[in-house]
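Read the structure below first, then the notes.
The values are calculated or read from the model by the stated rules, or taken from the named source; none is laboratory data. Bear in mind the structure is a predicted one, so any value in this text is a computation, not a measurement. Cβ sites come from the backbone with ideal geometry, for glycine too, and all protein chains shown count toward neighbours.
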């Protein structure tokens with residue numbers, strides 16, 4: 001990322017400045033938090049809180065303070081229950097189109113998907129959460145595809161239709177419940193109101209950013225994103241010959257930490273949509289996909305990190321693309337200690353450069 005954007009963006013994203021008070025506050029501010037890797041997504045929330053632990057953030061999810069579902073792009077995201085329906089109002093048509101090609105390859109017609117969604121809703125009607133595998137058994141009994149990618153696709157369809165969402169985790173396994181059990185019923189918003197709300201939400205928690213960043217994050221078209229920006233009355237900025245936008249509520253930028261150990265799908269890199277964008281962060285798409293987390297030095301990708309939980313300690317292995325100076329190494333040690341406190345274990349740090 002261009003150095004002059006790292007400070008404002010990290011402030012907007014809650015990575016610098018005053019910490020949030022609860023996991024729900026983080027999600028409400030950011031609008032949606034990518035969460036396909038559940039454990040590291042909890043760290044994404046905890047990293048923005050004061051004195052949070054893995055257990056306290058997990059308990060917030062278990063209570064239903066926030067839900068985890070497919071709503072954008074599509075992949076798993078944490079969202080606030082009260083935001084889910086109007087977000088899907090905007091994103092669902094686009095996400096269905098994005099999934100149409102894979103549905104065709106899997107021979108999942110619209111009629112079949114609607115039928116499977118009905119089976120899933122009936123199976124969840126008693127209020128007991130079910131894992132994907134358990135719902136697959138119900139689909140098999142109905143003579144419908146019930147395993148692998150076809151099962152996953154059917155579940156996403158039901159989520160995008162706002163029929164189901166996450167229930168509490170069952171050990172390491174996600175469960176599903178009827179959306180009506182965790183998500184308040186609300187009337188659809190006028191489309192212009194929903195677009196303006198989306199733009200304000202995104203740029204408040206991610207800006208300064210571009211119209212194409214909003215389009216990538218939200219699954220909207222570029223034209224829809226540009227209209228949302230206009231409707232929201234955002235403040236234009238220019239940087240490096242490109243148009244950026246921000247809200248009037250952007251927090252004051254603070255110094256970017258010397259080092260940060262963030263999840264590889266943290267919202268800090270959520271604007272990335274092509275190799276050039278990630279190159280501005282000093283990284284490549286392989287950096288994001290190969291590891292549990294990314295090492296940032298002065299806001300730039302400098303390496304990766306993994307963690308291994310043991311009974312009394314957590315082994316944290318940091319791989320840096322270049323040797324770390326003494327001040328940066330001290331900052332990495334502080335980050336590792338912070339993660340250790342989060343998982344309530346002694347941090348056993350190993351740095352390879």
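Observations, loosely collected:
- Test result for residue 236, outside the structural domain of residue 35 (by TED's automatic domain parsing) and touching a strand residue (DSSP E or B) at 6+ places or on another chain (Cβ under 9 Å): yes
- Flag if residue 172 is at pLDDT below 95, under 19 Å from the mean Cα position of the chain (by Cα) and farther than 19 Å from residue 106 by Cα: yes
- Residues that are surrounded by 21 or more Cβ atoms within 10 Å (Cβ to Cβ) and either modelled with pLDDT under 95 or within 30 Å of residue 132 (Cβ to Cβ) (or both) within region 179-200 comprise 179, 183, 198, listed in sequence order.
- Residue match in region 300-317 (condition: closer than 24 Å to residue 206 by Cβ, at pLDDT below 95 and out of contact with any strand residue (DSSP E or B) (no Cβ under 7 Å at 6 or more places or on another chain)): yes
- Residue satisfying condition, being touching a helix residue (DSSP H, G or I) at 6+ places or on another chain (Cβ under 8 Å), over 21 Å from residue 29 (Cα atoms), surrounded by 18 or more Cβ atoms within 10 Å (Cβ to Cβ) and modelled with pLDDT of 90 or more, within set 232, 259, 243, 228: 259
- Of residues in region 170-189 being touching a residue at least 60 places away in the same chain (Cβ under 8 Å) and touching a strand residue (DSSP E or B) at 6+ places or on another chain (Cβ under 7 Å), the one farthest from residue 93 (Cα to Cα): 174
- Condition check for residue 296: part of a strand (DSSP E or B) and at negative phi: yes
- Only one of the numbered conditions (1) over 18 Å from the mean Cα position of the chain (by Cα); (2) part of a loop (DSSP other than H, G, I, E, B) is not met by residue 244, and that is (2).
- When 23, 18, 8 are checked against the criterion of being out of contact with any helix residue (DSSP H, G or I) (no Cβ under 9 Å at 6 or more places or on another chain) and either closer than 20 Å to residue 305 by Cα or buried (at least 19 other Cβ atoms within 10 Å of the Cβ) (or both), a single residue qualifies: 8.
- Output for region 41-59, where each listed residue is surrounded by 18 or more Cβ atoms within 10 Å (Cβ to Cβ) and either free of Cβ contacts under 8 Å to residues at least 40 places away in the same chain or within 14 Å of residue 293 (Cβ to Cβ) (or both): 41, 42, 43, 44, 45, 46, 47, 48, 49, 57
- Residue 302 being over 23 Å from residue 345 (Cα atoms) and over 19 Å from the mean Cα position of the chain (by Cα): yes
- Failed criterion for residue 119 (all others in (1) farther than 27 Å from residue 28 by Cα; (2) not in a helix (DSSP H, G or I) hold): (2)
- Residue match in region 45-67 (condition: at negative phi, in a helix (DSSP H, G or I) and under 12 Å from the mean Cα position of the chain (by Cα)): yes
- Some residue of region 201-208 being part of a loop (DSSP other than H, G, I, E, B), buried (at least 17 other Cβ atoms within 10 Å of the Cβ) and touching a strand residue (DSSP E or B) at 6+ places or on another chain (Cβ under 7 Å): yes
- Residues that are over 18 Å from residue 160 (Cα atoms) and assigned by TED's automatic domain parsing to the domain that holds residue 90, drawn from region 172-220: 172, 173
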